[in-house]
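Structure, as structure tokens:
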Amino acid sequence: MKNVVLLGSTGSIGRRALEILSADSNSRFKVSGLAAGKNIQLLEQQIRNFRPRCICVANQVDADRLKKQFPGIDFFSGASGLTRMIGVTDPDTVISAISGTDSIAANLAALIKGARLCLANKETLVAAGALVQEALDHHDGQLIPVDSEHSAIFQCLQGQPRESVSRILLTASGGPFFRRSRVELENVSLEMALNHPTWKMGRKITIDSATLMNKALELIEAAFLFQIEPERIEVVIHPQSVIHSMVEFCDGSILAQLGIADMGIPIHYALNHPERMPLDVEPLGLDRLGTLEFFGEDSMDFPSLSLARSVLKTGKSAGAVFNAANEAAVEAFIEQRISFLDIFIMVEEILSRSCFHPVRSLQDVTSAIEATRAQCREWLKRKFRS
Ligand code: MG
């Protein structure tokens, strides 16, 4: 039986992961640890259903209260609690689905311990790609992507010699503002940006989809995951989101992975790789789909993708800075302090003013993030003074 720890159990990926784990007909998985943020009510239900050994929550107050309710379970709290939980449970598999940078240390710990890391968190590779690479080079851990695009690419690459790959075609839905002009984007409201046409997701990632910053982060992740130069990763706008991504090979063949918009499929694949196990999902129904459309990345007038390519070229802490600046900009937009187009201006200006340092330890990542957050606060202050 595989011992599984799930980080982010109450979010949309976490909830789907628990459904997948409990639907496994051969009961090959045992959930030994769960981590959640503030949705304690749902977490309590999950504790009763899965009886894990360890739990990590965001606040110590919640941990103390839950401890009284579930005396047989070990409780941890905060980002350091995530890493401690990995240490105590010694998992075979970690599903990492907490967004943000809090879980980076725990994800690295999972790889160092030799676990399979099923990674849905974007920030780990964007901000700490060099550390992930080092952990993979020196330990037995395994990294399997869960994000639908990277899972698609990973699946297309199975059994294919790396040198036969000519390009990765990373698909993007285009989000709610595909084909809108700059002028039209000037007065985009929060509500409009939160209205994603195909995927139901959290607020931060939905805004990132509207700005193409999500695709920019995914481009950086793909370069790390598949060890490919940024010039050979092309973004294809595919509004129907039926093809989750493609790989073009040196003989002109393109392999694609298709499926319904259900994160259960990539989660299930990551858990079972290299095997393919049955999963009870709605069939795609190609005959009902009608037309599939594809547009070049230049059909969207956003600087996000070129920022991502220059971040990859710069290397060092540029990924951590880029991610932290975007996080702060999205937060300011959600709080309705800046406009939609200000997100790009803010990220570009912060990147152009930052100094980048080599990333050799988690401390280097944390320092870059903290320095960027301070710069973002200054930027916002200056904006409101003028
Ligand atoms: Mg994605």
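The values are calculated or read from the model by the stated rules, or taken from the named source; none is laboratory data. Values in this document were obtained by computation on a predicted structure and should not be read as measured data. As a convention, Cβ positions derive from the backbone with ideal geometry for all residues, glycine included, and neighbour counts pool all protein chains shown. Please note that ligands, DNA and RNA were not included when accessible areas were found on the heavy atoms of the full protein model with its side chains. Shrake-Rupley method; radii C 1.70, N 1.55, O 1.52, S 1.80 Å.
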Original post:
Taking the condition crowded, with 20+ Cβ neighbours inside 10 Å, charged (D, E, K, R) and either under 20 Å from residue 358 (Cβ atoms) or out of contact with any Ser or Thr (no Cβ under 7 Å at 6 or more places or on another chain) (or both), does residue 335 pass?
Top reply: no
Original post:
Just one of the numbered conditions (1) within 15 Å of the ligand (Cβ to nearest atom); (2) not in a helix (DSSP H, G or I); (3) not small (Gly, Ala, Ser) is not true of residue 215; which one?
Top reply: (2)
Original post:
Mind checking which residues of the stretch 147-186 are assigned to a loop (DSSP other than H, G, I, E, B), of a type outside the set (Gly, Ala, Ser) and either within 14 Å of the ligand (Cβ to nearest atom) or in contact (Cβ under 8 Å) with a residue 40 or more places away in the chain (or both)?
Top reply: 147, 158, 160, 178, 179, 186
Original post:
Exactly one of (1) crowded, with 17+ Cβ neighbours inside 10 Å; (2) over 23 Å from residue 124 (Cα atoms) is unmet by residue 295. Its number?
Top reply: (1)
**OP:** Return only the number of the condition from (1) at pLDDT 95 or above; (2) polar (S, T, N, Q); (3) under 26 Å from residue 37 (Cβ atoms); (4) away from the ligand (no atom under 13 Å from the Cβ) that residue 195 does not satisfy.
**Re:** (1)
**OP:** Kindly indicate whether residue 93 is under 27 Å from residue 209 (Cβ atoms), away from the ligand (no atom under 16 Å from the Cβ) and hydroxyl-bearing (Ser, Thr, Tyr).
**Re:** no
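Taking the stretch 97-108, which residues are open to solvent by 10 Å² or more (accessible area, probe 1.4 Å) and assigned to a loop (DSSP other than H, G, I, E, B)? Break it down stepwise before answering.
At the first step, the residues of the stretch 97-108 found to be open to solvent by 10 Å² or more (accessible area, probe 1.4 Å) are 97-102, 105, 108.
97, 98, 99, 100, 101, 102, listed by residue number.
Assess whether residue 84 counts as being crowded, with 17+ Cβ neighbours inside 10 Å, out of contact with any Leu (no Cβ under 9 Å at 6 or more places or on another chain) and basic (Lys, Arg).
Values: crowded, with 17+ Cβ neighbours inside 10 Å: yes; out of contact with any Leu (no Cβ under 9 Å at 6 or more places or on another chain): yes; basic (Lys, Arg): yes.
Criteria met by residue 84.
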**OP:** Quickly run through the stretch 103-119 and pick out the residues that are over 15 Å from residue 34 (Cβ atoms) and in contact with a helix residue (DSSP H, G or I) (Cβ under 6 Å, 6 or more places away or on another chain).
**Re:** 104, 105, 107, 108, 109, 111, 112, 117
Original post:
Restricting attention to the stretch 218-240, does a residue exist that is over 28 Å from residue 274 (Cβ atoms), open to solvent by 20 Å² or more (accessible area, probe 1.4 Å) and within 14 Å of the ligand (Cβ to nearest atom)?
Top reply: no
Original post:
Could you list, in sequence order, the residues of the stretch 249-271 that are farther than 15 Å from residue 149 by Cβ and crowded, with 18+ Cβ neighbours inside 10 Å?
Top reply: 264, 268, 271
Original post:
From the list 148, 99, 103, 166, which one is at pLDDT below 95 and either touching a strand residue (DSSP E or B) at 6+ places or on another chain (Cβ under 6 Å) or over 21 Å from residue 228 (Cβ atoms) (or both)?
Top reply: 99
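Please verify whether residue 122 is open to solvent by 10 Å² or more (accessible area, probe 1.4 Å), within 13 Å of the ligand (Cβ to nearest atom) and not aliphatic (A, V, I, L, M), treating the condition exactly as stated.
Details: open to solvent by 10 Å² or more (accessible area, probe 1.4 Å): yes; within 13 Å of the ligand (Cβ to nearest atom): yes; not aliphatic (A, V, I, L, M): yes.
So residue 122 fits the description; yes.
Residue-by-condition table, conditions (1) outside any helix (DSSP H, G or I); (2) more than 16 Å from residue 10 (Cα to Cα):
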| site | (1), (2) |
| --- | --- |
| 67 | no, yes |
| 71 | yes, yes |
| 95 | yes, no |
| 110 | no, yes |
**OP:** Filter the stretch 198-212 down to residues that are part of a helix (DSSP H, G or I) and of a type outside the set (Val, Ile, Thr) and give me whichever is farthest from the ligand (Cβ to nearest atom).
**Re:** 203
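For the condition open to solvent by 50 Å² or more (accessible area, probe 1.4 Å), within 17 Å of the chain's Cα centre (by Cα) and within 25 Å of residue 339 (Cα to Cα), what is the one hit in 204, 215? Steps first, please.
Values: 215 fails: open to solvent by 50 Å² or more (accessible area, probe 1.4 Å).
Just a single option satisfies the conditions, and that option is 204.
Would you confirm whether or not the stretch 308-321 contains a residue that is open to solvent by less than 30 Å² (accessible area, probe 1.4 Å), closer than 17 Å to residue 218 by Cβ and not hydrophobic (A, V, I, L, M, F, W, C)?
Initially, the stretch 308-321 is screened for residues open to solvent by less than 30 Å² (accessible area, probe 1.4 Å), giving 308, 311, 315, 317-321.
From what's left, closer than 17 Å to residue 218 by Cβ: 308, 311, 318-320.
Restricting the remaining residues to those that are not hydrophobic (A, V, I, L, M, F, W, C) gives 319.
Taking every residue of the stretch 308-321 in turn, at least one turns out to be open to solvent by less than 30 Å² (accessible area, probe 1.4 Å), closer than 17 Å to residue 218 by Cβ and not hydrophobic (A, V, I, L, M, F, W, C).
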